[in-house]
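The values are calculated or read from the model by the stated rules, or taken from the named source; none is laboratory data. Here the structure is a predicted model, which means the values were calculated and not measured. Cβ placement follows ideal geometry from the backbone for every residue including glycine, while neighbour counts extend to all protein chains displayed.
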Amino acid sequence: MEKEMSYGSDHKYIPATSIGSGIGIEVLPDLYNHTVQIVNFQLVGHPETKDFVLIDAGMPNSADEIIGATEERFGSDARPKAIILTHGHFDHIGAVIELVKYWEVPVYAHELEMPFLTGKMSYPEPDPTVEGGMVAKMSPMFPIEPINLGDRVEQLPTDGTIPYMPGFKWIHTPGHTPGHVSFFRESDCTLIAGDAFVMVKQEYLYKVLTQEQEISGPPRYLTTDWKAAKESVMKLEALKPLVAVTGHGLPMSGDLLSESLERLVREFDTIALPDYGKYVDGKLH
Ligand SMILES: [Zn+2]
Ligand SMILES: [Zn+2]
């Protein structure tokens, strides 16, 4: 018998949006980025082949929008081969249960993210006191209780490959969460970074304002290990990506991307690290 999947009891619609909401961008012929309210998901695969995966699963109540965008790109009744998660925060798994039921596809995530996806462990509470303005202050309303995907979620293969994503490898990029992963394709230096770093200013993340394109560290109020977060950004910068999509904000490429990433590494303590907050111990090296 199949086990019941369930969201955490604090799962709910979050009334936050950005001007990018509902907009999809074809970043590459086989990489599509779509914004649901304030978070991105990606469809990876060429529309002609029908072989594709969904990266992350949007905000609570967004299943119809994700299915709609998927069918618009891949045709009616199209369904991905799998859903691959960068991590399990509420804004990346918001519609995953509805999608798994509708498409009947497996979900993959990193081994260290499993407790948060199988109902075993809650994420640490967001830090509303962290430097970061209004977004941080509204963070106590963000769901943190674990979703339970039961046996529908599987661990990513240990050899770095990703099911149904030929050419891509997963890279462990902890810090924002323990089992956070990013995805990199060496042949054209394409990076899907999740929340390891994002492309929108911290204070604009959940605001009805411009999605000004500017690199930033991982979302502050939910990041608990800043030393690991910095090492993860260094790891990604060393790959010298030419195109990057992230969990929040617009895609970025070329010189702007390389210069922004270099600057984020060089000035991580000023750009990314909050000046104060309960998960900041000031002992970064
Ligand atoms: Zn996150
Ligand atoms: Zn996020």
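For the reader, a short list of remarks on this structure follows.
- Which numbered condition residue 160 misses (of (1) closer than 20 Å to residue 238 by Cβ; (2) surrounded by 15 or more Cβ atoms within 10 Å (Cβ to Cβ)): (2)
- Residues in region 97-125 that are more than 14 Å from ligand 2 (Cβ to nearest atom) and hydrophobic (A, V, I, L, M, F, W, C): 97, 99, 100, 103, 105, 107, 109, 112, 114, 117, 121.
- Contact map, region 73-89: residues that are of a type in the set (Phe, Trp, Tyr) paired with residues that are more than 16 Å from ligand 2 (Cβ to nearest atom) and in a loop (DSSP other than H, G, I, E, B), Cβ distance under 9 Å, separation 6+ or inter-chain. Pairs shown: 74/45; 74/47; 74/50; 74/52; 74/80.
- Restricting 227, 235, 207 to residues that are among the basic types (Lys, Arg) and at pLDDT below 95 narrows the list to 207.
- Criterion: closer than 16 Å to residue 85 by Cβ and touching a Ser or Thr at 6+ places or on another chain (Cβ under 9 Å) - qualifying residue of 194, 167: 194
- Only one of 269, 255 that is surrounded by fewer than 19 Cβ atoms within 10 Å (Cβ to Cβ), modelled with pLDDT of 90 or more and within 24 Å of residue 29 (Cα to Cα): 255
- Which listed residue, of 154, 186, is farther than 19 Å from residue 81 by Cα and away from ligand 1 (no atom under 15 Å from the Cβ): 186
- Candidates are the residues of region 1-50 that are more than 16 Å from ligand 1 (Cβ to nearest atom) and β-branched (Val, Ile, Thr); the one that is surrounded by the fewest Cβ atoms within 10 Å (Cβ to Cβ) is 49.
- Residue that is surrounded by the most Cβ atoms within 10 Å (Cβ to Cβ) [pool: residues in region 53-66 that are without any contact (Cβ under 8 Å) to a residue 40 or more places away in the chain and over 14 Å from residue 23 (Cα atoms)]: 63
- Residues located in region 166-198, provided they are at positive phi, over 12 Å from the mean Cα position of the chain (by Cα) and crowded, with 21+ Cβ neighbours inside 10 Å: 175
- Any hit, region 31-47, residues being within 16 Å of ligand 2 (Cβ to nearest atom), touching a Pro at 6+ places or on another chain (Cβ under 7 Å), under 27 Å from residue 271 (Cβ atoms) and at pLDDT 95 or above: yes
- Among the candidates 85, 112, residue that is surrounded by fewer than 17 Cβ atoms within 10 Å (Cβ to Cβ), under 28 Å from residue 157 (Cβ atoms) and of a type outside the set (Ser, Thr, Tyr): 112
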